[in-house]
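The structure appears below as structure tokens.
No lab work stands behind these numbers, since they all come straight from the coordinates. Given the structure is predicted, the values throughout are model-derived calculations rather than measurements. Cβ atoms come from the backbone with ideal geometry, glycine included; neighbour counts cover every protein chain shown.
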Amino acid sequence: MAVTDPLQLIAGGLATVATSELFDWLQSYIAREPVERIVIGEPRQPNGEPSENLARVQQFVNRWRKAVPQIPIEYYDERFTSVLAHQTMLDAGLKRKARQDKALVDEISATIILEDYLRSKK
């Protein structure tokens with residue numbers, strides 16, 4: 001989610017959704033909220049080569065583009081976002097159990113991806 005006004009832009013996580021439910025969840029979300037575009041992490045290995053997950057992400061993106069062409073979906077490099085998310089959690093003083101919560105790591109990672117994407121468009 002991105003909130004904009006003339007003076008600031010803030011990225012924040014919405015929810016962690018199971019992959020099998022993501023398409024329907026997004027369709028429901030865009031029915032309730034104005035959405036300009038969707039930014040999705042592009043899974044790559046540290047050397048820049050595609051990761052094994054990229055094919056699954058591409059399937060989702062292709063399905064989205066066919067079903068909802070009026071809302072563009074863009075890839076953005078997600079390398080190292082999990083590492084940055086864990087560092088953010090450490091910096092925030094979260095306990096080990098909280099840092100092991102994959103849903104929380106994914107939400108923070110998604111926020112980092114969106115923040116980086118928005119910064120790159122300035």
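For a modelled paramagnetic label at VAL83, 7 Å from Cα along Cα-to-Cβ, the residues of segment 42-59 in reach, with backbone nitrogen under 18 Å, are 42-52.
Neighbours of PRO69, meaning other residues whose beta-carbon lies under 15 angstrom from its beta-carbon, give a summed charge of +2 when Lys and Arg score +1 and Asp and Glu score -1. Specify whether the C-alpha gyration tensor of segment 48-116 places it in the rounded, prolate or oblate class, a ≥ b ≥ c being the square roots of the eigenvalues: rounded for a/c under 1.5, otherwise prolate if a/b is larger than b/c and oblate if not. Taking the square roots of the gyration eigenvalues as a ≥ b ≥ c, segment 48-116 is prolate. Per-residue 3J(HN,Hα) values for segment 46-51, derived from phi via the Karplus relation 6.51 cos²θ - 1.76 cosθ + 1.60 with θ = phi - 60°, read x, 7, x, 5, x, 8 Hz in sequence order (x marks Gly and Pro). Here segment 40-84 is scanned for amide nitrogen atoms under 11 Å from the site 7 Å beyond the Cα of THR19 along Cα-to-Cβ, giving 52-60. Which shape class applies to segment 78-122: rounded if a/c is under 1.5, otherwise prolate when a/b exceeds b/c and oblate if not, where a ≥ b ≥ c are the square roots of the Cα gyration tensor eigenvalues? Prolate is the answer for segment 78-122, as a/c is 1.5 or above and a/b outweighs b/c.
Close amide H partners of ARG44, meaning residues 5 or more places away or on another chain with modelled amide H under 5 Å apart, are SER51, GLU78, ARG79.
Using the Cβ-Cβ distance between GLN70 and LYS97 with R0 set to 41 Å, the FRET efficiency from 1/(1 + (r/R0)^6) comes to roughly 0.45.
In terms of its C-alpha gyration tensor, segment 38-86 comes out prolate, because a/c is 1.5 or above and the ratio a/b outweighs b/c.
Under a 5 Å amide H cut-off, with hydrogens placed 1.01 Å from N, ILE38 pairs with ILE73, GLU74 among residues at least 5 apart or on other chains.
Summarising the overall dimensions of the chain from its C-alpha atoms, the Rg and Dmax are 15.0, 43 angstrom.
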